[in-house]
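Before any comments, here is the structure.
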Amino acid sequence: MTSPTITRRGFLAATCATLCAPPLLKAETRWPLTVTDAIGRMVTITKKPKSIILGTGFNLFALSLIHPDPVSLLAGWATDMKTDNPFIYDAFRKKFPALDKVPLVSNGQADGMSFEAALSLEADLAVMGRWQAEGEQGKRAIDYLASIGVPVIVVDFNLDPLKSTPRDIRLLGRVLECDQQAESYAQFFERRVERIRVRAVGKGGDGPLVLMDAFPSATRGSWAVGRTGLGELITLAGGRNIADKNLPPQGGTVTAEYIIAAEPDVYIATGSPGGTYTVFSIGPGVDPAEALQSLQETVKAPSLAPLKAVREGNVHGMWNFFNAVPLNVLAAEAVASWVRPDLFGDVDPASSLAEINERFAAVPFEGAYWTSLTS
């Protein structure tokens with residue numbers, strides 16, 4: 001995919017800066033501002049945030065969709081995005097060299113925040129993921145930050161993505177006074193999800209059986225994604241998830257015997273760049289040929305090769321960290337086109353990604369984010 005030119009990027013940054021200013025026909029945000037976050041907490045923020053701690057580095061993606069210089073907002077952040085997806089970190093660093101100097105306060109895990117580091121930053125807001133905040137360590141971090149005068153808002157692009165992604169983009173837009181850009185992205189997301197939902201509901205009947213296999217490995221059992229998170233995308237498209245009934249909402253490990261007995265019609269693997277966790281390499285900076293070749297290698301595993309989906313070529317793969325960022329709408333479109341090609345043959349996530357890069361992204365998202373053996 002061709003990246004926007006520097007001239008276009010400059011124009012878009014200026015446009016985004018305008019959108020992050022209070023519109024002329026709208027009253028300016030009144031501070032202090034009280035908002036409701038992703039876990040129902042009422043949070044009061046005393047002034048417009050200019051110094052933000054990110055509990056997970058992946059939330060830089062969200063900021064970059066609504067603010068032209070998201071790095072300028074950071075007081076501290078976590079290492080997880082840099083560790084798991086170094087190419088996109090480098091892309092942000094090249095556009096915003098100041099990222100190299102942003103202090104690290106967490107490894108991105110629920111128990112990974114350094115309270116001492118947070119204390120030294122003089123931040124005026126922290127943003128945490130729901131998956132971090134709902135654990136005991138996350139609650140301790142929220143309480144500690146509150147005790148030193150740093151309000152915390154929790155966002156969710158992971159557990160309940162179809163409902164919470166547009167809601168929490170709007171929340172961030174309100175807090176950062178980037179309402180127009182946030183509203184535009186939320187509507188962009190909602191239109192695409194609703195198109196899938198309406199068609200799937202209209203078709204009715206039983207859709208194909210689907211296995212979504214997180215970080216597949218030939219040396220251990222498969223982790224079948226459950227009905228929450230990325231599993232919501234299977235249901236949205238009218239598919240039937242083989243993990244729906246017998247596993248926890250988030251999914252769980254399943255044996256080769258379980259998978260073969262379930263006989264999925266569609267197989268979807270998830271992975272990360274460079275095969276960080278398994279042989280399957282996909283995501284930011286990955287060449288499409290590498291993604292395809294590594295998916296081919298993945299389904300040669302003895303537990304996967306006998307599957308109907310593999311024999312018939314209904315094999316697909318996508319970036320696992322769609323489960324952490326508002327780009328998950330691209331995953332929704334890809335999954336829909338794989339699960340029900342009869343309904344969604346005209347749905348094109350590549351076109352949607354190009355529009356995101358042109359209209360929203362402070363840093364363009366490049367690489368192979370999904371692939372298919374039929375591609």
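Scan segment 258-283 residue by residue and report those that are touching a Ser or Thr at 6+ places or on another chain (Cβ under 9 Å) and of a type outside the set (Gly, Ala, Ser).
Answer for segment 258-283, where residues must be touching a Ser or Thr at 6+ places or on another chain (Cβ under 9 Å) and of a type outside the set (Gly, Ala, Ser): TYR258, ILE259, ILE260, PRO273, THR276, TYR277, THR278, VAL279, PHE280, ILE282.
Would you be able to say whether some residue in segment 276-287 is assigned to a helix (DSSP H, G or I) and assigned by TED's automatic domain parsing to the domain that holds GLY238?
Restricting attention to segment 276-287, the residues satisfying the condition of being assigned to a helix (DSSP H, G or I) are none.
No, segment 276-287 has no match at all.
Scan (1) more than 19 Å from GLU312 (Cα to Cα); (2) in a strand (DSSP E or B) for the single condition GLY229 breaks and write down its number.
Just one mismatch for GLY229, condition (2).
Given the criterion more than 20 Å from the chain's Cα centre (by Cα), modelled with pLDDT of 95 or more and over 22 Å from LYS203 (Cβ atoms), identify the matching residue among VAL310, VAL325, VAL286. Walk me through it before giving the result.
Working: VAL325 fails: more than 20 Å from the chain's Cα centre (by Cα); VAL286 fails: more than 20 Å from the chain's Cα centre (by Cα).
VAL310 is the lone residue from the list that is more than 20 Å from the chain's Cα centre (by Cα), modelled with pLDDT of 95 or more and over 22 Å from LYS203 (Cβ atoms).
Just to verify a result, which residue in segment 166-176, among those that are within 19 Å of TRP31 (Cβ to Cβ) and surrounded by fewer than 21 Cβ atoms within 10 Å (Cβ to Cβ), is farthest from the chain's Cα centre (by Cα)? Walk me through it before giving the result.
As a first pass, look at segment 166-176 and keep what is within 19 Å of TRP31 (Cβ to Cβ): 170-176.
From what's left, surrounded by fewer than 21 Cβ atoms within 10 Å (Cβ to Cβ): 170, 174.
Working: ARG170: 16, ARG174: 20 Å.
It comes out as ARG174.
Go through (1) small (Gly, Ala, Ser); (2) surrounded by 18 or more Cβ atoms within 10 Å (Cβ to Cβ); (3) without any contact (Cβ under 8 Å) to a residue 40 or more places away in the chain for ALA305 and report which single condition fails.
Among (1) small (Gly, Ala, Ser); (2) surrounded by 18 or more Cβ atoms within 10 Å (Cβ to Cβ); (3) without any contact (Cβ under 8 Å) to a residue 40 or more places away in the chain, ALA305 violates only (2).
Out of the residues in segment 204-219 that are farther than 10 Å from ASN241 by Cα and touching a helix residue (DSSP H, G or I) at 6+ places or on another chain (Cβ under 7 Å), which is surrounded by the most Cβ atoms within 10 Å (Cβ to Cβ)? Step through it out loud before you land on a result.
At the first step, the residues of segment 204-219 found to be farther than 10 Å from ASN241 by Cα are 204-206, 213-219.
Filter once more, keeping what is touching a helix residue (DSSP H, G or I) at 6+ places or on another chain (Cβ under 7 Å): 214-216.
On the way: ALA214: 22, PHE215: 19, PRO216: 26.
Out of the qualifying residues, it is PRO216.
Which residues, taken from segment 341-375, are among the hydroxyl-bearing types (Ser, Thr, Tyr) and free of Cβ contacts under 8 Å to residues at least 24 places away in the same chain?
Quick first cut of segment 341-375, residues among the hydroxyl-bearing types (Ser, Thr, Tyr) only: 351-352, 369, 371-372, 374-375.
Passing the criteria: only SER351.
Please verify whether PHE344 is of a type outside the set (Asp, Glu) and surrounded by fewer than 24 Cβ atoms within 10 Å (Cβ to Cβ), treating the condition exactly as stated.
Details: of a type outside the set (Asp, Glu): yes; surrounded by fewer than 24 Cβ atoms within 10 Å (Cβ to Cβ): yes.
Yes: the conditions hold for PHE344.
Can you name every residue in segment 314-347 that is charged (D, E, K, R) and within 17 Å of GLY283 (Cβ to Cβ)?
Selection gives GLU333 alone.
Within segment 41-73, take every residue that is within 23 Å of ARG359 (Cβ to Cβ) and without any contact (Cβ under 8 Å) to a residue 60 or more places away in the chain and give me the one that is farthest from the chain's Cα centre (by Cα).
It comes out as SER72.
Name the residues in segment 131-159 that are in contact with a Lys or Arg (Cβ under 8 Å, 6 or more places away or on another chain) and acidic (Asp, Glu), would you?
Across segment 131-159, the qualifying residue is only ASP156.
Go through (1) among the hydrophobic types (A, V, I, L, M, F, W, C); (2) touching a Ser or Thr at 6+ places or on another chain (Cβ under 8 Å); (3) buried (at least 20 other Cβ atoms within 10 Å of the Cβ) one by one and return the number of the condition MET42 breaks.
In the conditions (1) among the hydrophobic types (A, V, I, L, M, F, W, C); (2) touching a Ser or Thr at 6+ places or on another chain (Cβ under 8 Å); (3) buried (at least 20 other Cβ atoms within 10 Å of the Cβ), MET42 misses (3) alone.
The values are calculated or read from the model by the stated rules, or taken from the named source; none is laboratory data. Values in this document were obtained by computation on a predicted structure and should not be read as measured data. With ideal geometry, Cβ positions are generated from the backbone for all residues, glycine too; neighbour counts draw on all protein chains shown.
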